[in-house]
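Working notes for the structure below.
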Amino acid sequence: MTEINFRSARQDDAEILGKIVFDAFNKISKDHNFPPDFPSPLAGAELMRMMISRSHIYSVVAENGRILGSNFLWEGDEVAGVGPITVDPEVQDRSIGRMMMEEVIRRADNRGKISVRLVQAAYHNRSLALYTKLGFDTVEPLSCIAGPPPQIRIDGRSVRTMRGSDVDAASKLCIAVHGISRKNEIAEAALTGSAKVVEADGRITGYFTQLGFFGHAVAETDDDLIALIGSGEEIHGTGFLLPTRNAKVLRACLENGLRIVQPLTLMSRGFYSEPRGAFMPSILY
């Protein structure tokens, strides 16, 4: 191959980047007999347009006369999340993915991020090996959960839409459980109306920004998390990501009509604190 150059993504890249995203995820999913994360190139292009338009998402496009792939770094809070990273299937296994990962790691280090995190498909051994060699540690096995939204009621818990006045309490809860702040992400979700909180004894004991691939949840206890999952909210995208080690919540999901779609792995480079409560990461972290 000729020399590969890197640049930021532009809106006029969205269609071709979306096709590469679809093709790359579709190929790896089919190779391992798992459902694809993207239903069509159009869905990939819509995601690309959204990310390219966001000032807090740093983009890297690899090209050598044509676009070869892309990677994204979500910089909105003190921890940076990576993804999606994709390379055109026609030019995979030529270190392009590694170079794009090195680009976003360098960016995160230069901006003083305390940690860089990502979620990878557990069946994709090559990406697990690459991320490990780049300094990422495996910190949590995950299960992607999908199905019809369950209706589960937990005594003493009530779930409602998050208000702007709830953001500080939700952020403090995230810090208490994870040792990091995701306040900007929480505030954005409150504005869009996708976030919910669970209350017990008149105080917030858990929240999610969205029940789905791009949403995360934090709760004091397993019962708080089950109440959030069981609030009847639509499950967005491929599903939501639940730590497989949380047997109580996983069992509650399976007993209420949900199913495991695929295994994934949460990985972290830099600071990571073992959670002191129940949680669900997004596809970023």
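General observations
- Total charge dipole magnitude, the chain, about the Cα centre, Cβ charges on Lys, Arg, Asp, Glu only, Debye to nearest 20: 220
- Lys, Arg +1 and Asp, Glu -1 on Cβ, resulting dipole of the range 9-156 about Cα centre, debye, nearest 20: 120
- Sorted by Cβ neighbour density within 10 Å, fewest at the top, the residues R66, R7: R66, R7
- Close Lys pairs in the chain (alpha-carbon distance under 18 Å; sequence gap of 8 or more, or different chains): 6.
- Stretchable slack from L254 to R66, in nm (0.36 nm times residue separation minus alpha-carbon distance): 63.1 nm
- The Cα atoms of the range 1-41 give a gyration tensor whose axes a ≥ b ≥ c have a/c of 1.5 or more with a/b no greater than b/c, which makes the shape oblate.
- Residues D93, D77, D137, arranged from fewest to most other Cβ atoms within 10 angstrom of their Cβ, appear as D93, D137, D77.
- Rounded, prolate or oblate (a/c below 1.5 giving rounded, otherwise prolate when a/b exceeds b/c) for the range 7-106 by Cα gyration tensor: rounded
- Gain in span if fully extended, E274 to R54, counting 0.36 nm per residue against the direct Cα distance: 76.2 nm
- Label-to-label distance, nm, for residues given as V91 and N5 (7 Å Cα→Cβ offset): 1.2
- Between T244 and D155, the simple spin-label model (points 7 angstrom out along Cα→Cβ) gives 3.4 nm.
- Once the mean of 1/r is taken over each pair of separate Cα atoms and inverted, the range 32-190 shows a Kirkwood hydrodynamic radius of 18.3 Å.
- Net dipole in debye of the range 201-251 [+1 Lys, Arg Cβ; -1 Asp, Glu Cβ; about Cα centre; nearest 20]: 220
- Placing a label point 7 Å from the Cα of L134 along the Cα-to-Cβ line, the residues of the range 253-285 whose backbone N sits under 13 Å from it are 267-270.
- The range 228-274: C-alpha gyration tensor shape, a/c 1.5 cut-off, then a/b vs b/c: prolate
- When peptides 81-92, 41-52, 148-159 are ranked by their average number of other Cβ atoms within 10 Å per residue, the highest-first order is 81-92, 41-52, 148-159.
- Listed residues L42, P243, G164: farthest to the positive end of the dipole of the chain (Cβ charges): P243
- Trypsin sites (Lys or Arg not before Pro) within the range 211-260: DSSP coil, no more than 15 neighbouring Cβ in 10 Å: R245
FYI, it's all coordinate maths here, none of it is from the lab. Predicted model, so just to flag it, every value in this text is computed and none were measured. So basically every Cβ, Gly included, is an ideal-geometry build from the backbone, and we count neighbours across all protein chains shown.
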